[in-house]
Amino acid sequence: MKKLKILLNGLLKENPVLVLVLGTCPTLAMSVSVINAVAMGLAATAVLTCSNMVISLLRKVIPDTVRIPCYIVVIAGFVTLVQMLMEAYLPELYEMLGVYLALIVVNCIILGRAEMFANKHNVLESALDGLGMGAGFTLALIAMATIREVLGNASFAGMKIGFLEPYKISFLTAPPGGFLVFGCLIALVAHITRGKAPQRKSFDCEGCPSASFCRKDCASCETAEKVEA
């Protein structure tokens, strides 16, 4: 049951785009067409799942002080692999995704799950988290792309919808239209989940690579202790 919950969390309750509001740039850029949305979602899911598994395997080997650079190296390796495969077998799609395919390396969804989940859980659970979060990212992209392409371009996955042509709202295919659809979907998900987005209960030094060097008598720490008190 716990593993099923990990897999399903990313679909709605902790959707990385519509609840945690991560990966906003590729979401807005790649949600103009359904084909782009599906391609970006699948590429990000593959990288997220594979990097989560490798980082989980190495979590006890990677020193805390250099864990973020190590995560980026692992993620960059899988992104490069995906790029090479797409360039070789899906060149048109590779050209359509453009620079946003390479920017998966710094996608905060992938880096965030590596730090918050894969670094603390076993390989199977990390893989399920990657699949769940990737599926949530893909579904959010497809939902936005469907609305924007159907209503803004009178087409779906590149296929024209004739009866909608006179009524298409071109504004939705522009960046401001993307923000409008994005905001509406966030509001809808917040209404469905009643705004119960996951929240961090406390902020402490646990897991901080500089914790051992922090001087408890410094002014900032004293101020923080007074605020907590």
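The values are calculated or read from the model by the stated rules, or taken from the named source; none is laboratory data. All of these numbers come straight from a predicted model, not from anything done at the bench. Glycine gets a Cβ as well: all are built from the backbone with ideal geometry, and neighbour counts include every protein chain shown.
Does any residue of the range 150-165 turn out to be under 22 Å from the mean Cα position of the chain (by Cα) and surrounded by 17 or more Cβ atoms within 10 Å (Cβ to Cβ)? No, the range 150-165 has no match at all. When we screen Ile62, Ile55, Ile68, Ile72 for residues that are crowded, with 22+ Cβ neighbours inside 10 Å, over 29 Å from Leu185 (Cα atoms) and among the hydrophobic types (A, V, I, L, M, F, W, C), the only hit is Ile55. On inspection, Asn119 does not qualify as under 27 Å from Phe182 (Cα atoms) and touching a residue at least 24 places away in the same chain (Cβ under 8 Å). The numbered conditions (1) surrounded by fewer than 19 Cβ atoms within 10 Å (Cβ to Cβ); (2) modelled with pLDDT under 90 are all true for Asn122 except (2).
Only one of the numbered conditions (1) in contact (Cβ under 8 Å) with a residue 60 or more places away in the chain; (2) of a type in the set (A, V, I, L, M); (3) within 20 Å of Val82 (Cα to Cα) is violated by Leu12, and that is (3). Going by the conditions given, is Val19 of a type outside the set (Phe, Trp, Tyr), within 30 Å of Ser170 (Cβ to Cβ) and not in a helix (DSSP H, G or I)? It is true that Val19 is of a type outside the set (Phe, Trp, Tyr), within 30 Å of Ser170 (Cβ to Cβ) and not in a helix (DSSP H, G or I).
Quick check: is even one residue across the range 174-195 hydroxyl-bearing (Ser, Thr, Tyr) and at pLDDT 90 or above? Within the range 174-195, none of the residues are hydroxyl-bearing (Ser, Thr, Tyr) and at pLDDT 90 or above. On inspection, Tyr94 passes the criterion of being over 15 Å from the mean Cα position of the chain (by Cα), among the aromatic types (Phe, Trp, Tyr) and part of a helix (DSSP H, G or I). Restricting attention to the range 97-129 and to residues that are assigned to a helix (DSSP H, G or I) and of a type in the set (D, E, K, R), the residue that is farthest from the chain's Cα centre (by Cα) turns out to be Glu125. From the residues in the range 20-49 that are touching a Lys or Arg at 6+ places or on another chain (Cβ under 7 Å) and not polar (S, T, N, Q), which one is surrounded by the most Cβ atoms within 10 Å (Cβ to Cβ)? Top of the filtered list is Leu48. Restricting the range 78-107 to residues that are in contact with a Cys (Cβ under 9 Å, 6 or more places away or on another chain) and surrounded by fewer than 17 Cβ atoms within 10 Å (Cβ to Cβ), the residue that is farthest from Ile55 (Cα to Cα) is Leu103.
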